[in-house]
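Asks: Please read through the structure below; I'll follow up with questions.
The values are calculated or read from the model by the stated rules, or taken from the named source; none is laboratory data. Since the model is a prediction, treat every value here as computed from it, not as a measurement. Here the Cβ is made from the backbone with ideal geometry for all residues, glycine too, and neighbour counts use every protein chain on show.
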Amino acid sequence: MSVVIVVGAQWGDEGKGKVVDLLTETAEAVVRYGGGANAGHTLVIGPQREKVVTRLIPSGVLHPGKRCILGDGMVIDPHALLDEIAQLREKGLLQKGELLVGHGAHVILPYHKLIEGLREEHANKHGRAIGTTRRGIGPAYEAKVARRGVRIRDLADAARVRALVEQNLDELNPLIAHLGGAGAVPDRSTVDRWIDDALAAGAQLQGLCGDASREVARHVGAGHHVLFEGAQGSLLDIDHGTYPYVTSSATIAAGACQSAGLGPTKVHAVVGITKAYATRVGGGPFPTELDDATGEAIRHAGGEFGAVTGRPRRCGWLDLPALRFGVRLSGMDGLALTKLDVLSELPEVHVAISYSLDGKELDEPPIDPDDMARAKPVFARFEGWGPIPRDAKDLVDLPTAARKYVEAIERWAGVPFHLVSVGPERQETIVLRDPFA
Ligand code: IMP
């Protein structure tokens, strides 16, 4: 029996979906633990290289017969979930009895998205926008922490949903009017429609909802392999990330235990996923960012456009201080390196091994995001490696320069690689260790 948490080691979009998909082969249950439809895994499957995007349901769903669980710590847009279920069912990828939605998860309602959009527009005027995905994540978590949220289980009780929505809007309407003008305040018929829609979605989800923490405990108790699928990345964590340029949930490994109601003593391994370079979407410091032709080349070679929003991702060199920080925060005992092939065309590859700030050398990011924005990366340079054989099965199959790069990162990060991904397909992977072993 083994419980493994997979977590993004950077700012999200590290290719967790592919790694989770691979590890799911030996797992009985896959649990998504944080955030909501702000995440997006693009998975490439089958000989037709068909693309499937999952936003809420763990990417382990691509394997038949696996239990997919959405933890109570998530915030769920019921319509987004229903759309995803319909899409997966149509492709024959989601069977009856595979999905369980934690009934303690919170519901994202249209006014959460409305407020987020208005806030971002307002902040944009002053150059302070977070650059969120506008999926209502922040406002839904605000309502949860303020103990006014609507939970998935509440959707079975029309009177309770109505009372909660009225209570929330009573407080939020003045804010909506302040940010967007009186015309932005929802009228009676709009609010009634929102409530009816939420209840109708709740009715459709009814048979899929239940006690997620008990189900996780049942799998762990039965000696099954259980895989936790993190969303976003370590530097977007609400407590430890580059606040305020973060998401509103715990993205580090501890968030898995909190969301699923599983004690930390039950966890056996934490695998951090890092790309061979770095990307970030939205605002916030990014010391190794490449605002030039090399950044553009990486963006195009890596297809670095948001799976949820389509936004071009900011691209830069791999950032060891940020990676070490992620390793420490989540207690990662192994890493998976993704997208090594994306750098193949570059004549030279750089890695930030430390930062220089006010005459000091730092091996981890400074706590203050303004300091992080001022920090100057200290780079190590590697010669380019050219094409990587897609059938590489061991590090010795890599071009020598690529192998030196991988070994140097492993040494500097201080934890071994479990796997190295050299292409988007499942089989384009060098497997070095099994985290479940
Ligand atoms: P929110 O999660 O939509 O509130 O966005 C907050 C910040 O997290 C923004 O900078 C987003 O771009 C970023 N973010 C949220 N989800 C993801 C993700 O799945 N990948 C990368 N960045 C994300």
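Yes/no matrix, rows are residues, columns are (1) free of Cβ contacts under 8 Å to residues at least 60 places away in the same chain; (2) within 14 Å of the ligand (Cβ to nearest atom); (3) not in a helix (DSSP H, G or I):
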residue: Leu56; (1), (2), (3): yes, yes, yes
residue: Ile69; (1), (2), (3): no, no, yes
residue: Glu84; (1), (2), (3): yes, no, no
residue: Leu88; (1), (2), (3): yes, no, no
residue: Gly92; (1), (2), (3): yes, no, yes
residue: His112; (1), (2), (3): yes, yes, no
residue: His122; (1), (2), (3): yes, no, no
residue: Thr132; (1), (2), (3): no, yes, yes
residue: Arg147; (1), (2), (3): yes, no, yes
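Every residue, every condition in (1) surrounded by 15 or more Cβ atoms within 10 Å (Cβ to Cβ); (2) on the phi > 0 side of the Ramachandran plot; (3) modelled with pLDDT of 95 or more, yes or no:
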| site | (1), (2), (3) |
| --- | --- |
| Pro377 | yes, no, yes |
| Phe382 | yes, no, yes |
| Asp394 | no, no, yes |
| Pro399 | yes, no, yes |
| Arg403 | yes, no, yes |
| Arg411 | no, no, yes |
| Phe417 | yes, no, yes |
| Arg426 | yes, no, no |
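Residues checked against (1) modelled with pLDDT under 95; (2) surrounded by fewer than 24 Cβ atoms within 10 Å (Cβ to Cβ); (3) in contact with a Gly (Cβ under 8 Å, 6 or more places away or on another chain):
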| site | (1), (2), (3) |
| --- | --- |
| Val6 | no, no, yes |
| Gly15 | yes, yes, no |
| Leu22 | yes, yes, no |
| Glu25 | yes, yes, no |
| Arg32 | no, no, yes |
| Lys51 | yes, yes, no |
| Ser59 | yes, no, yes |
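Asks: Among (1) within 16 Å of the ligand (Cβ to nearest atom); (2) surrounded by fewer than 23 Cβ atoms within 10 Å (Cβ to Cβ); (3) modelled with pLDDT of 95 or more, which single condition is Asp319 missing?
Replies: (2)
Asks: Right, something else. Take the range 361-375 and flag every residue that is surrounded by 12 or more Cβ atoms within 10 Å (Cβ to Cβ) and part of a strand (DSSP E or B).
Replies: Our first condition is that a residue be surrounded by 12 or more Cβ atoms within 10 Å (Cβ to Cβ); within the range 361-375, this holds for 362-366, 368-369, 371-375.
Leu362, the sole residue that qualifies.
Asks: Within the range 198-225, restricting attention to residues that are surrounded by 21 or more Cβ atoms within 10 Å (Cβ to Cβ) and under 21 Å from the mean Cα position of the chain (by Cα), which residue is nearest to the ligand (Cβ to nearest atom)?
Replies: Step by step, filter the range 198-225, then rank; the result is Ala212.
Asks: What single numbered condition from (1) under 26 Å from Gly295 (Cα atoms); (2) touching a Leu at 6+ places or on another chain (Cβ under 8 Å); (3) among the aliphatic types (A, V, I, L, M) fails to hold for Val342?
Replies: Exception for Val342: condition (2).
Asks: Restricting attention to the range 226-272, and to residues there that are of a type in the set (A, V, I, L, M) and within 12 Å of the ligand (Cβ to nearest atom), which single residue is surrounded by the most Cβ atoms within 10 Å (Cβ to Cβ)? Before the answer, list the steps.
Replies: The initial filter retains those residues of the range 226-272 that are of a type in the set (A, V, I, L, M), namely 226-227, 231, 235-236, 238, 246, 250, 252-254, 256, 260, 262, 267, 269-271.
Then keep just the ones that are within 12 Å of the ligand (Cβ to nearest atom); that gives 231, 235-236, 238, 246.
Details: Ala231: 27, Leu235: 32, Leu236: 29, Ile238: 19, Val246: 23.
Only one residue fits best here, namely Leu235.
Asks: From the set of residues in the range 273-295 that are more than 22 Å from Gly127 (Cβ to Cβ) and part of a helix (DSSP H, G or I), which is nearest to the ligand (Cβ to nearest atom)?
Replies: Step by step, filter the range 273-295, then rank; the result is Thr294.
To keep it simple, each residue is scored yes or no on (1) in contact with a Lys or Arg (Cβ under 9 Å, 6 or more places away or on another chain); (2) at negative phi.
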residue	(1), (2)
Val7	yes, yes
Gly15	yes, no
Asp21	yes, yes
Glu28	yes, yes
Leu56	yes, yes
Ser59	yes, yes
Gly65	no, no
Val75	yes, yes
Leu82	no, yes
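Asks: Condition first: free of Cβ contacts under 8 Å to residues at least 24 places away in the same chain, in contact with a Phe, Trp or Tyr (Cβ under 8 Å, 6 or more places away or on another chain) and of a type in the set (D, E, K, R). Now tell me which residues in the range 391-437 satisfy that.
Replies: Of everything in the range 391-437, just one residue is free of Cβ contacts under 8 Å to residues at least 24 places away in the same chain, in contact with a Phe, Trp or Tyr (Cβ under 8 Å, 6 or more places away or on another chain) and of a type in the set (D, E, K, R), namely Lys404.
Asks: Look through Thr288, Thr294, Thr265 and report the one residue that is of a type outside the set (Gly, Ala, Ser), modelled with pLDDT of 95 or more and touching an Asp or Glu at 6+ places or on another chain (Cβ under 6 Å). Steps first, answer last, please.
Replies: Working: Thr294 fails: touching an Asp or Glu at 6+ places or on another chain (Cβ under 6 Å); Thr265 fails: touching an Asp or Glu at 6+ places or on another chain (Cβ under 6 Å).
That would be Thr288, the only listed residue that is of a type outside the set (Gly, Ala, Ser), modelled with pLDDT of 95 or more and touching an Asp or Glu at 6+ places or on another chain (Cβ under 6 Å).
Asks: Could you list, ordered by first residue, the pairs with Cβ atoms under 7 Å in which the first is in the range 191-210 and touching a residue at least 40 places away in the same chain (Cβ under 8 Å) and the second is part of a helix (DSSP H, G or I) and charged (D, E, K, R), at least 6 apart or interchain?
Replies: Qualifying pairs under 7 Å: Cys209/Arg153.
Asks: Is it the case, given these coordinates, that Ile298 is in a loop (DSSP other than H, G, I, E, B), under 25 Å from Pro377 (Cβ atoms) and away from the ligand (no atom under 12 Å from the Cβ)? Steps first, answer last, please.
Replies: Details: in a loop (DSSP other than H, G, I, E, B): no; under 25 Å from Pro377 (Cβ atoms): yes; away from the ligand (no atom under 12 Å from the Cβ): yes.
Judged against the criteria, Ile298 is not a match.
Asks: Let me ask another. Only one of (1) part of a loop (DSSP other than H, G, I, E, B); (2) more than 21 Å from Ala27 (Cα to Cα); (3) not acidic (Asp, Glu) fails for Gly183. Which number is that?
Replies: Among (1) part of a loop (DSSP other than H, G, I, E, B); (2) more than 21 Å from Ala27 (Cα to Cα); (3) not acidic (Asp, Glu), Gly183 violates only (1).
Asks: A further question on this structure: Within the group Leu100, Leu155, which residue is outside any helix (DSSP H, G or I), touching a Gly at 6+ places or on another chain (Cβ under 6 Å) and crowded, with 20+ Cβ neighbours inside 10 Å? Working first, answer last.
Replies: On the way: Leu155 fails: outside any helix (DSSP H, G or I).
After ruling out the rest, the residue left standing is Leu100.
Asks: Please verify whether the range 180-197 includes one or more residues that are modelled with pLDDT of 95 or more, crowded, with 16+ Cβ neighbours inside 10 Å, closer than 21 Å to Ala37 by Cα and not polar (S, T, N, Q).
Replies: Scanning the range 180-197 turns up at least one residue that is modelled with pLDDT of 95 or more, crowded, with 16+ Cβ neighbours inside 10 Å, closer than 21 Å to Ala37 by Cα and not polar (S, T, N, Q).
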